[in-house]
Amino acid sequence: MGTAMAVRTFRDSSNVRLASMIVALVSLVCPGVFALDPLGPAMSTLRQGEGSVGFDYSYSQMDFELNDGTWVEHLDGVFFDAGEADTFTLKDFRMHKAYATFGYGLVDGVEVFLRLGGADANFGDSIWQDHETFDGDTAVAVGGGIRATFYKEGRLRFGGLIQTSWTKLDGELWADHWASADSVEIELTEIQYALGLTYELADGSFIYGGPFYHYLHGDLEDKFSESVDGSLLTSKYSWNVEQRSELGGYIGVQLGPGQNASLNVEYQHTSSADAICAHLMFRF
């Protein structure tokens, strides 16, 4: 990986038609849309004209690939060298997300929602394998999506949803024996599609789940400086971020303690990611 590696040795229905049209539109507008967000029931939870406000929280842990990497070095501000960086798996990437969520029922059976909040993340010993850890600063996270009910019979519902989110994380990568910390920037974009069944256990309380598709893409940059023979060597490594798996499944429960309030708790899993999520919603 260039001179810097020698310096740091160990761094190696109408409703269905309308939902389908909106989902297709979102897919066209956001073809590459960021760590796992709450999914909720794959059905609409709001009637036409109803609104909602709530709070979402998710904790996810995943592995993803860093590939198509490059590095460039400058010595005292002058270009020195460049090349390709190794491809590897960044393991145990842990992220917390918290959102305020706002929903609106477009028609009976179709609703849209917007999320505004923050995220932070950490991981360790993956980039340079030199006992380093990354602690990110709290960053802005935004997202949104649409959910729809396709079929309803008695207590059973079948539906789907699509949601996207984006965040940009900054932080320091640091090991106790390093002279200075690396500056790391991670930008992630995510999209999730889900289809699922929802069964009403009692008035306002449901169990739900099904398969989902998860797409993650982004960029990671690592910058650091070293003193080499009295000169300042500045290095920047850049990689594309790609997830290691795409298909997964989830299961959750929604409790309706009151007619206008509900609480969801769910678990999501793919072969390289796990998430625990919660959603509190108030209708108006």
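Residue count for the stretch 227-252 satisfying the condition of being closer than 22 Å to Y208 by Cβ, surrounded by 16 or more Cβ atoms within 10 Å (Cβ to Cβ) and of a type in the set (A, V, I, L, M, F, W, C): 0. Being modelled with pLDDT under 95, of a type outside the set (A, V, I, L, M, F, W, C) and within 27 Å of N67 (Cα to Cα) holds for only one residue in S180, S205, and it is S180.
Here is the figure for the stretch 234-247: residues that are in a strand (DSSP E or B) and modelled with pLDDT under 95 total 4. If we keep just the residues of the stretch 188-202 that are surrounded by fewer than 16 Cβ atoms within 10 Å (Cβ to Cβ) and over 17 Å from I146 (Cα atoms), which is modelled with the highest pLDDT? So the residue we want is Y199.
Against the test of being modelled with pLDDT of 95 or more and farther than 18 Å from K168 by Cα, the options T45, T70 yield a single qualifying residue, T70. Within the stretch 72-128, the residues that satisfy the criterion of being buried (at least 18 other Cβ atoms within 10 Å of the Cβ) and of a type in the set (D, E, K, R) are E73, K97, E111, R115, D120. A Cβ distance below 6 Å, combined with a sequence gap of six or more or placement on separate chains, defines the contacts here; from the stretch 256-284, residues that are in a strand (DSSP E or B) and surrounded by 15 or more Cβ atoms within 10 Å (Cβ to Cβ) reach residues that are modelled with pLDDT under 90 and not hydrophobic (A, V, I, L, M, F, W, C) in the pairs G256/G204; S262/G256; T270/S245; R283/N260. Checking the structure you have, find out if any residue of the stretch 208-218 is part of a strand (DSSP E or B) and under 30 Å from F79 (Cα atoms). So far as the stretch 208-218 goes, yes, one or more of its residues are part of a strand (DSSP E or B) and under 30 Å from F79 (Cα atoms). In the stretch 175-199, of all residues being among the charged types (D, E, K, R) and under 29 Å from the mean Cα position of the chain (by Cα), the one that is farthest from G118 (Cα to Cα) corresponds to D182. Of all residues in the stretch 102-136, which are within 19 Å of T189 (Cβ to Cβ) and either among the hydroxyl-bearing types (S, T, Y) or under 16 Å from the mean Cα position of the chain (by Cα) (or both)? Result: L114, R115, L116, G117, G118, A119, D120, A121, F123, G136.
The values are calculated or read from the model by the stated rules, or taken from the named source; none is laboratory data. Values in this document were obtained by computation on a predicted structure and should not be read as measured data. Positions of Cβ are backbone-derived with ideal geometry, glycine not excepted, and every protein chain shown enters the neighbour counts.
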